[in-house]
Amino acid sequence: MPAPVLRNPATIAVVDDDAAVRQAIDSLVRALGYNALTFGSAEAFLLARITGLACLICDVQLPGISGIDLLARMSSEADIVPVILITAFPDASTERLARLGIPVLIKPFISETLALALARTVVPPA
């Protein structure tokens with residue numbers, strides 16, 4: 001899949017407690033032409049107070065604040081950020097979110113699956 005050509009690359013945040021997964025997604029996001037910021041926990045992401053993100057890619061199962069809880073906190077904020085959830089353990093809550101239109105990718109997934117989810121989720125900056 002060819003990388004999108006973006007004049008002002010959108011910034012994608014990646015939250016996953018597994019360093020190898022964070023690095024792999026970071027590399028893919030950058031290869032697709034986006035900027036990337038990575039965080040090992042939802043708490044670290046919240047403390048960073050990042051605004052203007054094009055998308056958040058977040059693991060569901062995190063120590064402390066879960067990806068589902070982070071999504072709930074973010075939905076109450078004024079700065080709405082599109083989210084792609086990733087999980088190795090799909091359950092009723094992730095199935096419900098998928099039915100609501102939130103992309104949920106099941107680990108392990110191939111890079112093309114994430115690239116397609118990003119293409120469908122991220123609105124390039126004007």
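Only the coordinates and a few stated rules stand behind these numbers; no lab work does. The shown structure was predicted, so the numbers you read here are calculated from the model rather than taken from an experiment. Reconstructed Cβ throughout: ideal geometry from the backbone, glycine too, with neighbour counts over all protein chains shown.
Numbers for the structure displayed
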| read-out | value |
| --- | --- |
| For the chain, the longest site-free run once trypsin sites (Lys or Arg not before Pro) in DSSP loop states with at most 11 other Cβ atoms within 10 Å are removed | 50-126 |
| Lys, Arg +1 and Asp, Glu -1 on Cβ, resulting dipole of segment 11-121 about Cα centre, debye, nearest 20 | 260 debye |
| Lys/Arg +1, Asp/Glu -1 at C-beta; the chain dipole; positive extreme among 122, 58, 81 | 122 |
| Hz values of 3J(HN,Hα) by residue in segment 27-44 - Karplus curve (6.51, -1.76, 1.60), Gly and Pro given as x | 4, 5, 4, 5, 5, 7, x, 9, 7, 9, 10, 10, 9, x, 7, 5, 4, 4 |
| Under-5 Å amide H pairs with residue 38, H placed in peptide plane, nonlocal only | 14 |
